[in-house]
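Engineer: Structure below; questions to follow.
The values are calculated or read from the model by the stated rules, or taken from the named source; none is laboratory data. Keep in mind that what you see is a predicted model, and the values were worked out from it rather than measured. Backbone-built Cβ (ideal geometry, glycine too); neighbour counts: all protein chains shown. Heavy atoms of the whole protein, side chains included, go into the accessibility calculation; ligands, DNA and RNA do not. Shrake-Rupley method; radii C 1.70, N 1.55, O 1.52, S 1.80 Å.
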Amino acid sequence: MISQFFVLSQRGDHIVFRDYRGEVPKGSAEIFFRKVKFWNDDEAEEAPPVFNVDGVNYIHVKVAGLFFVVTTMVNVSPSLLLELLQRIARVTKDYLGVLNEDSLRKNFILVYELLDEVIDFGYPQTTSTEALKSYIFNEPIMVDAGRLPPLGPAAMFMQGTKRMPGTAVTKSVVATELGGKKREEIFVDIIERISVTFSSSGYILTSEIDGTIQMKSYLTGNPEIRLALNEDLSIGRTGSSTYDYRSSSGGGTVILDDCNFHESVQLDSFDIDRTLHLIPPDGEFAVMNYRITQEFKPPFHVTVLIEEAGPSRAEVLLKIRADFSANVTANTIVVQMPVPSYTMRASFELEAGAIGQTTDFKEGSRRLEWSLKKIVGGSEHTLRAKLTFSQESHGNLTKEAGPVNMNFTIPMYNTSKLQVRYLQIAKKSKTYNPYRWVRYVTQANSYVARL
Amino acid sequence: MAPTVPSPAKSASPSQPSGKSEVTDLKQQLRQLAGSRAPDADDQRRDVFKRVISCMTAGIDVSAAFGEMVLCSATSDVVLKKMCYLYVGVHARNHPDLALLTINFLQRDCRDQDPTIRGLALRSLCSLRVPNLVEYLVAPLATGLKDPSAYVRMIAAVGAAKLYHIAATSCLDAELPAALKALMLSDPDAQVSFHSTNNDEIVLQLSSTHYLCIYLNCLICNCRIKEFSEWAQCLVLELASKFLPSDNNEIFDIMNLLEDRLQHANGAVVLATIKVFLHLTMSMTDVHQQVYERIKAPLLTLVGAGSPEQSYSVLCHLHLLVMRAPMLFSSDYKRFYCQFSDPSYVKKLKLEMLTAIANESNTYEIVTELCEYAGNVDVPIARESIRAVGKIALQQYDVNAIVDRLLQFLEMDRDYVTAETLVLVKDLLRKYPQWSHDCIAVVGNISSKNIQEPKGKAALIWMLGEYSQDMHDAPYILESLVENWEEEHSPEVRLHLLTAVMKCFFKRPPETQMALGATLAAGLSDTHQDVHDRALFYYRLLQYDPAVAERVVNPPKQAVSVFADTQSSEIKDRIFDEFNSLSVVYQKPSYMFTDKEHRGPFEYSEDLSNLTVGAETSEKVISAQRYQENDNDLLLSTSDKEDIGTAASNGSASTYNAPSDLIGPSLLSSQTPSETSLINPGGPTYSSQSNFSLDDLLGLGVPEAPAAPPAPALTLNSKPVLDPGTFQKKWGQLALSLSQECSLSPQGAASLMNPQSLIRHMQSNYIQCIASGGQPPNYKFFFYAQKDGATAFFLVECIVNTASAKAQVKIKADDGTAAEAFSALFQSALSNFGLS
């Protein structure tokens, strides 16, 4: 099973290093780091999460800019180890409140203590934040929250990898706050990552939603919780799996292609009233993951035009229309567009009175980058760019440029219409009224418009 | 981003201490604190301990402070204890004498009132890994297994495995396995119960899969599996996948009980469950297919959830399934489109899957999508996409539209796109010569000067030579290329140039004669051995007889029907058997990347449950033998294996047998067999002959073929004696004499429901079975035979697939010269099976 576990910083420093079986030769962390840094250097490819060097298997995940790595000599299940690594990162975050290099370095003794209980002789034991509590004696040392990015909705997705968003909550599950009183609260986040590809004529080629209902509970005594979803929610697409967008629209029902659940979830009444019963364990976890290929209304409409404007010149017109209601605001929007490889210069022309917009021509990667701090629902924004080429173009500019890719986060916007109807805490007491936070967020996973 | 990783000892990181002086300083402080009874002594000790461990983490050798650490360890502070245990655990192995000092306080802690302390101490005690301290372990372990606290029992169960790892005999002498077995079957705490099972080595020692079966049964049927932690579930499911239920009802029961595991949010649990499902239904084709349908949605959901790393692993497994049953996924093609945010290792997998699932109904969409990627800024992916389009074209019947797309790529005028496309057009022409007209028209417009990449250039030159009669300028383009011979760096291109000029010469002699002379001269003075040799060969061939030369260079060609697969089906099956392991990610069976003692956590159970044993062999021999055999495979390089695989499966020499380089051998192997033998004599020709003789036999359908083979100069000893140990040794030592595929009669395949019948049949042909095993439809046999009146033995590994009625035969012989005769005899015996 697992021979070693270690966490390396971005520079390759050991932050924690634990050997469980003493079978891997010395220097494995260095071998790993060199391999990852210089993986297929000339093609600039990323190292895959699983690779083998001289009979030692290295399995890693990247979390908060850190490498969480295990080594093994045995032909084990890669998913087991990858899930475990991710879970170790999450348990650590539960304890430390914030997971980054600084907090890990300050609390490395606590991490060793955790590791001792999580893995023994290379076998995973338990990763439940709650079960671990009784064996952990170190108090977490909190890192200065002031040095972290502000806790706005955008910051919610700054930690962790892009695809595994964390919650805004950065307090430890175990540490007592100033005054010794713990605030009773529970967070439920509905996070949807959407992928849409528009054809050159603007219609939708593919679309998909990968959603997660994420929970983080700070309730004492672990009361049972009831989470009610849309009553007309249906699971599993009937009939053939070809995607006919016209027939599946309308009605407004939410159809999930498929979903899976955390093991604490009781599904006894789910088929009847779409209610999930669970006793949430401490810490952060995904209650449910779901996938939707049903047609949905994309939040942004993107139009791109590239036209020749005389020899070795071209003009680009980018237009974004926000197709959601005006009381919702998208933020941290970045639009990227690759341009022909022989582009030398680009000059930009923003719309009059544009605020919080920046433009850039990335010479190395030959792309235009347009960043907008926020976009209010219903508004439209345009960017014009003039390109200067080092040679005459080959005629077919649309084949040499694009596709346009867009990144954004829209807080309090929910693409699929999946709703939490209510969140009930089964603890009978008049005075007991914990804070309940239900938040929705939509994020771009792959939002692409072709030319 | 530093170009080299600084050695940890010199690490300049400000937060990490460094250097020798630090260690001496720490030692001093520890010594001062050792006897201190000051009220804040524990806090001070914590600080110093922390610094010691920080140094240890950074890779600094702090073993010098061992004595001082131990002196400071007498404390009631748990945090301090833990740090000290951690330190001791790391350094005890290098300081066995000093480690003895720690035994005392660890043993004392094992009797502490607090179960947490007992557990901690026991775990640390077992983690010391010092062989000569083993005697101190046994007693605390035995007590630990009976501890009232589940936490301690669990640690003791794992501890027993640790003990077994360093000193198996003391573990067995203390009768720990028996205690474990009791825990496994009756402990009220699921975690404890699990960890008693998980001691793979110990359970093996119990040498009784019987208990394991009972255990698994009670686990699964009592739904106890759900009490386990998700990690334990994964490992138990892995065990369960090796377990063969007695009847189909039991199979369905297990599957129904595990059904909800497919909805688990943990991908590892889902994959482990899928493995159980796939393995249970191996012999039930229609249910097996239902399983595929059932697991599709959960897998796709897992790909979308979680981090890119987690989805990568799931995608690798999906890739394996797609490759095995592309039809079942053909309507899900959109799920395999590349997304902007996918890392390149994910995109590559997706491209391969798209290629595999392309069929009549979705090709248009898939190819359109792939063409979008061809213009991608990510050049490696653009290349892969173009190759994918080409592969789809090669596997489709209606390639019309695809050829047009490919030709459009050539108009994109990007170096790498052109180069990749040319290689594809060349392969396409080899399969669909009827397209030559359209392709040549476009290819003819490409200037060879614009192509830099050797592969693309070589492909263009191949087309110039092959279609010189249709390409007006061919001789002149070739001539200009020959003029620049010196500047051509790639030997591959020069080789192709040689051949192309030769071809052109026979088609358009007057125009090429000059160029041919120049080419041969340049080739003969080339510094590259292959180029020189080929030039010399052509020169002599022309000298000998131009007519013969023409037949060698420009034989009538048959279109290639199927390009050789890069991986043999045997390897693919092995990877499938190892579902939910690293083999799937690497796309290699485990023997190619792990040494034998690390094959897998539950390898043994396969040996015990799947193999029935032939006379006079013990279970242990077979397991050892399996390893031997794997090692033998290991000795052959991958390419060797592929060659054997292709030669065997094709049975004749007229197909391609070097998938790695399609251009080179194609010149040789696309010719008729007789010509090939001129260049490539040996094995393949032989195997085709032997297959003919076999075909004859089958064709005649000889109803009662005599036990004697057609014309064997070989008779076998009727009562050879070979003990398993010797067999195993011989198998390890001898080189492979022959490897081929042969067919069974349908009756034979049918009667193989009972492997014993084949064993008896072979015995009647004086071929003895030493071991056999497997489950339908795959059986594996090891046979041996002895030449009559000689000491020479023949050893055979025979893998029979009853579904396809084919057998893979590997023969090793003491006397290599008799191997062919023996092979003929063996095959005739095998093909008669079921007929008499």
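Engineer: Does A:E23 meet the test of being at the interface with chain B (Cβ under 10 Å from one of its Cβ atoms), over 23 Å from B:L302 (Cα atoms) and touching a helix residue (DSSP H, G or I) at 6+ places or on another chain (Cβ under 7 Å)? Can you show your working first?
Structural biologist: Values: at the interface with chain B (Cβ under 10 Å from one of its Cβ atoms): yes; over 23 Å from B:L302 (Cα atoms): yes; touching a helix residue (DSSP H, G or I) at 6+ places or on another chain (Cβ under 7 Å): no.
No; evaluated as a whole, the condition is false for this residue.
Engineer: With respect to A:E363, determine if the residue is among the charged types (D, E, K, R), farther than 27 Å from A:N414 by Cβ, touching a strand residue (DSSP E or B) at 6+ places or on another chain (Cβ under 6 Å) and open to solvent by 20 Å² or more (accessible area, probe 1.4 Å). If you could, list the steps in order and put the result at the bottom.
Structural biologist: Values: among the charged types (D, E, K, R): yes; farther than 27 Å from A:N414 by Cβ: yes; touching a strand residue (DSSP E or B) at 6+ places or on another chain (Cβ under 6 Å): no; open to solvent by 20 Å² or more (accessible area, probe 1.4 Å): yes.
For A:E363, the condition - among the charged types (D, E, K, R), farther than 27 Å from A:N414 by Cβ, touching a strand residue (DSSP E or B) at 6+ places or on another chain (Cβ under 6 Å) and open to solvent by 20 Å² or more (accessible area, probe 1.4 Å) - is not met.
Engineer: Suppose the filter is over 22 Å from B:Y373 (Cβ atoms), surrounded by 15 or more Cβ atoms within 10 Å (Cβ to Cβ) and acidic (D, E); does A:E308 pass it? It would help to see each step written out before you state the result.
Structural biologist: Numbers: over 22 Å from B:Y373 (Cβ atoms): yes; surrounded by 15 or more Cβ atoms within 10 Å (Cβ to Cβ): yes; acidic (D, E): yes.
Here the answer is yes, as A:E308 does meet what is asked.
Engineer: Working only within the stretch B:759-784, note down all residues that are among the hydrophobic types (A, V, I, L, M, F, W, C) and touching a Cys at 6+ places or on another chain (Cβ under 8 Å).
Structural biologist: Scanning the stretch B:759-784 gives B:I759, B:M762, B:F781, B:F782, B:F783.
Engineer: Within the stretch B:100-120, which residues are within 14 Å of chain A (Cβ to nearest Cβ) and of a type in the set (A, V, I, L, M, F, W, C)?
Structural biologist: To start, the set of residues in the stretch B:100-120 that are within 14 Å of chain A (Cβ to nearest Cβ) comprises B:114-120.
Hits for the stretch B:100-120 are B:I117, B:L120.
Engineer: Quick one: which helices (runs of 4 or more DSSP H) sit completely within the stretch B:314-426 and have at least 1 residues that are open to solvent by 10 Å² or more (accessible area, probe 1.4 Å), within 26 Å of A:I209 (Cα to Cα) and within 14 Å of another protein chain (Cβ to nearest Cβ)?
Structural biologist: On the way: elements: B:344-357, B:363-374, B:379-395, B:400-411.
Correct list: B:344-357, B:363-374.
Engineer: Quick one: which residue in B:L299, B:L244, B:L271, B:L235 is more than 7 Å from every other protein chain (Cβ to nearest Cβ) and within 29 Å of B:T355 (Cα to Cα)?
Structural biologist: Numbers: B:L244 fails: within 29 Å of B:T355 (Cα to Cα); B:L271 fails: more than 7 Å from every other protein chain (Cβ to nearest Cβ); B:L235 fails: within 29 Å of B:T355 (Cα to Cα).
Answer to the check: B:L299.
Engineer: OK, next. Would you mind telling me which numbered condition in (1) surrounded by fewer than 21 Cβ atoms within 10 Å (Cβ to Cβ); (2) within 23 Å of the chain's Cα centre (by Cα) B:A790 fails?
Structural biologist: With respect to (1) surrounded by fewer than 21 Cβ atoms within 10 Å (Cβ to Cβ); (2) within 23 Å of the chain's Cα centre (by Cα), B:A790 is out only on (2).
Engineer: Tell me the residue from B:D43, B:D61 that is within 14 Å of chain A (Cβ to nearest Cβ), surrounded by fewer than 17 Cβ atoms within 10 Å (Cβ to Cβ) and outside any helix (DSSP H, G or I), please. Explain how you work it out, then say what you get.
Structural biologist: Working: B:D43 fails: outside any helix (DSSP H, G or I).
After ruling out the rest, the residue left standing is B:D61.
Engineer: Now for a different question. Find the residue count for the stretch A:421-451, including only residues that are within 30 Å of A:M406 (Cβ to Cβ) and either within 14 Å of chain B (Cβ to nearest Cβ) or open to solvent by 40 Å² or more (accessible area, probe 1.4 Å) (or both). If you could, list the steps in order and put the result at the bottom.
Structural biologist: Step one: list which residues in the stretch A:421-451 are within 30 Å of A:M406 (Cβ to Cβ), which gives A:437-451.
Applying the additional criterion that residues be either within 14 Å of chain B (Cβ to nearest Cβ) or open to solvent by 40 Å² or more (accessible area, probe 1.4 Å) (or both) yields A:437-439, A:443-451.
Going through the stretch A:421-451 one residue at a time, the tally reaches 12.
Engineer: Which residues, counting only those in the stretch A:38-50, are outside any loop (DSSP other than H, G, I, E, B) and more than 8 Å from chain B (Cβ to nearest Cβ)? Give the steps one after another, and end with the answer.
Structural biologist: We begin by selecting, within the stretch A:38-50, every residue outside any loop (DSSP other than H, G, I, E, B); these are A:41-43, A:50.
Scanning the stretch A:38-50 gives A:D41, A:D42.
Engineer: Within the stretch A:6-36, restricting attention to residues that are among the small types (G, A, S) and modelled with pLDDT of 90 or more, which residue is surrounded by the most Cβ atoms within 10 Å (Cβ to Cβ)?
Structural biologist: Among those residues, the one meeting the criterion is A:A29.
Engineer: Condition first: assigned to a strand (DSSP E or B), surrounded by 18 or more Cβ atoms within 10 Å (Cβ to Cβ) and within 14 Å of chain B (Cβ to nearest Cβ). Now tell me which residues in the stretch A:256-282 satisfy that.
Structural biologist: Here is the first cut: in the stretch A:256-282, the residues assigned to a strand (DSSP E or B) are A:256, A:258-261, A:265-266, A:275-278.
Checking which are surrounded by 18 or more Cβ atoms within 10 Å (Cβ to Cβ) leaves us with A:256, A:258-261, A:265, A:275-276, A:278.
Listed by number, the residues that qualify are A:L256, A:D258, A:C259, A:N260, A:F261, A:V265, A:L276, A:L278.
Engineer: Next question. Tell me the helices (runs of 4 or more DSSP H) entirely within the stretch B:724-772 that contain at least 1 residues that are basic (K, R), in contact (Cβ under 8 Å) with a residue 24 or more places away in the chain and open to solvent by 20 Å² or more (accessible area, probe 1.4 Å).
Structural biologist: Numbers: elements: B:724-733, B:746-751, B:755-764.
Fully inside the stretch B:724-772 and qualifying: B:724-733.
Engineer: Residue by residue through the stretch B:242-267, note down the ones that are under 22 Å from the mean Cα position of the chain (by Cα) and free of Cβ contacts under 8 Å to residues at least 40 places away in the same chain. Spell out how you get there, then give the answer.
Structural biologist: Going through the stretch B:242-267, the residues under 22 Å from the mean Cα position of the chain (by Cα) turn out to be B:242, B:267.
Of everything in the stretch B:242-267, nothing turns out to be under 22 Å from the mean Cα position of the chain (by Cα) and free of Cβ contacts under 8 Å to residues at least 40 places away in the same chain.
Engineer: Could you look through the stretch B:807-836, keep only residues that are touching a Ser or Thr at 6+ places or on another chain (Cβ under 6 Å) and among the charged types (D, E, K, R), and pick out the one that is least open to solvent (accessible area, probe 1.4 Å)?
Structural biologist: My answer is B:K812.
Engineer: Of the residues A:V7, A:V69, A:V16, which single one is within 7 Å of another protein chain (Cβ to nearest Cβ), in a strand (DSSP E or B) and within 27 Å of the chain's Cα centre (by Cα)? Steps first, answer last, please.
Structural biologist: On the way: A:V7 fails: within 7 Å of another protein chain (Cβ to nearest Cβ); A:V69 fails: within 7 Å of another protein chain (Cβ to nearest Cβ).
Only one candidate qualifies: A:V16.
Engineer: Name the single residue, out of those in the stretch B:123-139 being buried (at least 24 other Cβ atoms within 10 Å of the Cβ) and away from chain A (no Cβ under 11 Å), that is nearest to B:K82 (Cα to Cα).
Structural biologist: Going through the qualifying residues, I end up with B:L125.
Engineer: Within the stretch A:131-155, restricting attention to residues that are open to solvent by less than 50 Å² (accessible area, probe 1.4 Å) and among the small types (G, A, S), which residue is modelled with the highest pLDDT?
Structural biologist: Filtering the stretch A:131-155 for residues that are open to solvent by less than 50 Å² (accessible area, probe 1.4 Å) and among the small types (G, A, S), the one modelled with the highest pLDDT comes out as A:A131.
For every residue, the table says whether it meets (1) more than 41 Å from the chain's Cα centre (by Cα); (2) buried (at least 21 other Cβ atoms within 10 Å of the Cβ); (3) among the charged types (D, E, K, R).
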position: B:A459; (1), (2), (3): no, yes, no
position: B:E466; (1), (2), (3): no, yes, yes
position: B:S480; (1), (2), (3): yes, no, no
position: B:E492; (1), (2), (3): no, no, yes
position: B:L524; (1), (2), (3): yes, no, no
position: B:V531; (1), (2), (3): no, yes, no
position: B:F537; (1), (2), (3): no, no, no
position: B:L541; (1), (2), (3): yes, no, no
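Engineer: Would you check if B:M471 is in contact with a Gly (Cβ under 6 Å, 6 or more places away or on another chain) and modelled with pLDDT under 90?
Structural biologist: Details: in contact with a Gly (Cβ under 6 Å, 6 or more places away or on another chain): yes; modelled with pLDDT under 90: yes.
Against the criterion (in contact with a Gly (Cβ under 6 Å, 6 or more places away or on another chain) and modelled with pLDDT under 90), B:M471 qualifies.
Engineer: Quick one: would you say A:T253 is among the polar types (S, T, N, Q) and at pLDDT 85 or above? Steps first, answer last, please.
Structural biologist: Numbers: among the polar types (S, T, N, Q): yes; at pLDDT 85 or above: no.
It is false that A:T253 is among the polar types (S, T, N, Q) and at pLDDT 85 or above.
Engineer: Pick from A:R237, A:R193, A:R226, A:R246: which is open to solvent by 40 Å² or more (accessible area, probe 1.4 Å) and modelled with pLDDT of 90 or more? Can you show your working first?
Structural biologist: Numbers: A:R237 fails: modelled with pLDDT of 90 or more; A:R193 fails: open to solvent by 40 Å² or more (accessible area, probe 1.4 Å); A:R246 fails: modelled with pLDDT of 90 or more.
The match here is A:R226.
Engineer: Suppose we filter A:S128, A:S103 for residues that are closer than 22 Å to A:P280 by Cβ, modelled with pLDDT of 85 or more and under 25 Å from the mean Cα position of the chain (by Cα); which single one remains?
Structural biologist: The conditions single out A:S128.
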